[in-house]
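This report refers to the structure that appears directly beneath it.
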Amino acid sequence: MNSILIKNAHIIDPENSVNGIGNIFIKNGLFAPLEAADGDDGMIIIDASGLTAVPGLTDLHVHLRDPGQTHKEDIISGCKAAAAGGVTSLLAMPNTDPAADSPETVKYILDKAKNADAHVYVVGAVTKGLKSREPTDIDALYRAGISALSDDGRPVENTAIMVNAMKKAAALSIPVTAHCEDPYLAGGKVNEGEISEKLGIRGMPRAAEDAGTAREIALAAAYDIPIHICHVSTYTSANMIRDAKKAGVKVTAETAPHYIMLTENELLKRDADYRMNPPLRTERDRLAMIEALCDGTIDVIATDHAPHTPEEKSDFVSAPNGAIGMETSFAAAYTVLVKGGYMSEEELIRKMSCNPAKILGIQAGSLTVGKPADLMLYAREDHVVDPDRLHGKSKNTPFKGLTLSAKVKLTVCGGKIVFNEI
Ligand SMILES: [Zn+2]
């Protein structure tokens, strides 16, 4: 592996309070002191003038579809999409086929990921087959290498099983990430309200998400154990999380770029690429997600990268939920939050790199000498999202045709250049 010298970058490294022009040296897969570059003949030199260098992003919410649905995505293609989006670590959700509910499946994913362009961390299922009936053997999954627990794709309907998983996870110091949804209220196709009425299709009430959020917060509060709330989309859930944090509850939360950039009005196009779960909500919800990110209520921006083929997405109503997002997440979040004047680049890097790495408890989220060399370079550059130029297997992006104001130019993962468009 060649050493790499990145010269004249604008370096933003919040954990080390760095924000200015400088050089970065990478050797043997790690960030190394600049002095070590002297006399290194074989190194790759990258002129990063005009580009910004930041720690690689960690995406806490990714569906790699492998094993079982590799026509949509697989571990290798998903990590190519990650690399193109500056994502160097990702958390792979367990709703594969079979589900990641056994040590064998966990080991399969970790094994295949050894040759991938991003660090893959595996979520073990809370219940067998994500059916909310029988708990998994969490100790066995942990020994196999899981980094978190969730039934994402679905809620854990059985509250007693959820509590046990949260207690066990707290003892093992791994997070539980909760897909908040009351299954008895859920089942609609778009946000319930004006738009669902106009379209004449069944809506998903915000109460379905909020009831789930309220339950998870109640459990975390009652037992004083952590919970991470996935893909927050309603202002009402954001308010609950804000209040819970004030009261000292160990709750962290994420939202996704589509919830801060788009609203339910997109659904009037009757295009299933805008259908995901939770659904795009109202302008009030969108603004509340931005406010919650800015005031620290929501800690993390994650994608809920959920690939489906064009054929699967062809019918507006019967198509499965989900949108891809890893290749556009930074660019979209930058456009809304930084260009929109809501937060600094440094704050955005905290939401997409430092905070998720801390929640996952991994060695990422900084450019500290001696740590694994995961970083990305980006340009402040307008570009139009063209689904045909994306690197994953599926094209179901809700950002298609939009002009975004940042572009990932180079990604280094574990000291290796995994994406380069300089
Ligand atoms: Zn989910």
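Readers should treat all values here as calculations from the given coordinates under stated rules, not as data from a laboratory. If you're wondering where the values come from, they're calculated on a predicted model, not measured in any experiment. Glycine gets a Cβ as well: all are built from the backbone with ideal geometry, and neighbour counts include every protein chain shown.
Values as computed for the structure displayed
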quantity	calculated
Longest to shortest principal axis, alpha-carbon extents of region 18-160, angstrom	60, 31, 28
Stokes-Einstein translational diffusion, region 73-146 - Kirkwood Rh over all Cα pairs, 1.002 mPa s, 20 °C, in µm²/s	172 µm²/s
Helix 283-294 axis, angle to the chain major axis (alpha carbon atoms, nearest 10°)	50 degrees
93, 204 arranged by Cβ crowding within 10 Å, fewest neighbours leading	204, 93
Share of alpha-carbon pairs per 10 Å distance bin for the chain, given as whole %	5, 23, 34, 26, 10, 2, 0
Net lengthening on full extension, residue 133/residue 17 (0.36 nm per residue, minus Cα-Cα)	37.0 nm
Gaussian network model of the chain, springs between alpha carbon atoms under 10 Å - residue of 210, 152, 382 with greatest fluctuation	382
Pairwise Cα inverse-distance average, inverted: Kirkwood Rh of region 127-172 (Å)	10.8 Å
Spacing of the two label points (7 Å from each Cα toward its C-beta) at residue 173 and residue 40, in nm	3.0 nm
Rounded to 5, percent antiparallel among DSSP beta bridges of the chain	50 percent
P(r) tail fraction, region 1-52 - alpha-carbon pairs more than 15 Å apart, %	47 percent
Spacing of the two label points (7 Å from each Cα toward its C-beta) at residue 318 and residue 8, in nm	5.8 nm
Greater than 31 Å apart at Cα, pairs in 269/393; 246/358; 167/416	167/416
Hits among aspartates and glutamates - C-alpha to C-alpha of residue 400 under 13 Å, sequence gap 8 or more where chains match	266, 271, 273, 327, 386, 388
